[in-house]
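Written out below as structure tokens is the structure these notes cover.
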Amino acid sequence: MTLPKRAALIAFCGAALGLGLAACGGATTNGVRTGMGRPMAMNLAMERSSAEPPPATSGPGRMWWASATTIPKKTSNIKTEVVALTIENVKSPEGSEPAFVGPGRKPGAAVLFSVTAHAEVKVVVVNHDSGPHTFTAPGLGVNVTLAAGAKTTFQFAAPGAGTYVWYCEVPCGPWVMSHPGYMKGKVTVS
């Protein structure tokens, strides 16, 4: 079989497998051809997916990618605002605990950062802690894992003006988890 015909067959089988059809010949069980091991189309899909970052939604129909290197390309002339955050150990009544530190370098501020309504917001977080954290803000459509000892960049579209709650979903210190501005707080959109 020639290479173009084989590629066409693989693409056709991939579509058929996704629908659970026996269009490529041979018996199928739950959409997977039997008697051949893993189908070639499945191998192709696995190779393709390993090279692409997993997408996640950020607001209705919007996309963001959490990655140290990948930022979705700007598609309009909307203003982009960049926010730099760190996670580092701070003193608390419980001892030394990790906390988000915002642009003003003040841990414990109720508002972590402020942005303009409807701006594209690029957030760069350097996690100096030895454990992972998250930046979770349901009202902004953001839930990003921040790997230990790594720099993570993500983007979201700021909604209309308001105050939006953010927090870390990873239990990382009893005091910082319960006090605004350390591992929970607000983002102001004006």
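The values are calculated or read from the model by the stated rules, or taken from the named source; none is laboratory data. Note that this is a predicted model, so its numbers are computed, not measured. All Cβ positions, glycine included, derive from the backbone under ideal geometry; neighbour counts span all protein chains shown. Please note that ligands, DNA and RNA were not included when accessible areas were found on the heavy atoms of the full protein model with its side chains. Shrake-Rupley method; radii C 1.70, N 1.55, O 1.52, S 1.80 Å.
Miscellaneous remarks
- Here P107, P103, P98 are screened, and the one residue that is surrounded by 17 or more Cβ atoms within 10 Å (Cβ to Cβ) and assigned to a loop (DSSP other than H, G, I, E, B) is P107.
- Within segment 85-100, considering residues that are of a type outside the set (D, E, K, R) and at pLDDT below 95, the one farthest from T152 (Cα to Cα): P93
- Residue count, segment 148-166 (criterion: outside any strand (DSSP E or B) and either without any contact (Cβ under 8 Å) to a residue 24 or more places away in the chain or among the polar types (S, T, N, Q) (or both)): 2
- Unmet requirement for M183, which otherwise passes all of (1) farther than 20 Å from V115 by Cα; (2) open to solvent by less than 50 Å² (accessible area, probe 1.4 Å); (3) touching a helix residue (DSSP H, G or I) at 6+ places or on another chain (Cβ under 7 Å); (4) of a type outside the set (G, A, S): (1)
- Segment 106-129, residues that are of a type in the set (K, R) and in contact with a strand residue (DSSP E or B) (Cβ under 6 Å, 6 or more places away or on another chain): K122
- Within segment 125-141, the presence of at least one residue that is open to solvent by less than 10 Å² (accessible area, probe 1.4 Å) and either touching a residue at least 60 places away in the same chain (Cβ under 8 Å) or not in a strand (DSSP E or B) (or both) is confirmed.
- Where a residue in segment 167-190 is within 18 Å of G104 (Cα to Cα) and touching a residue at least 24 places away in the same chain (Cβ under 8 Å) and its partner, wherever it lies, is polar (S, T, N, Q) and part of a loop (DSSP other than H, G, I, E, B), with Cβ under 8 Å and at least six apart: V189/T116; S190/T116
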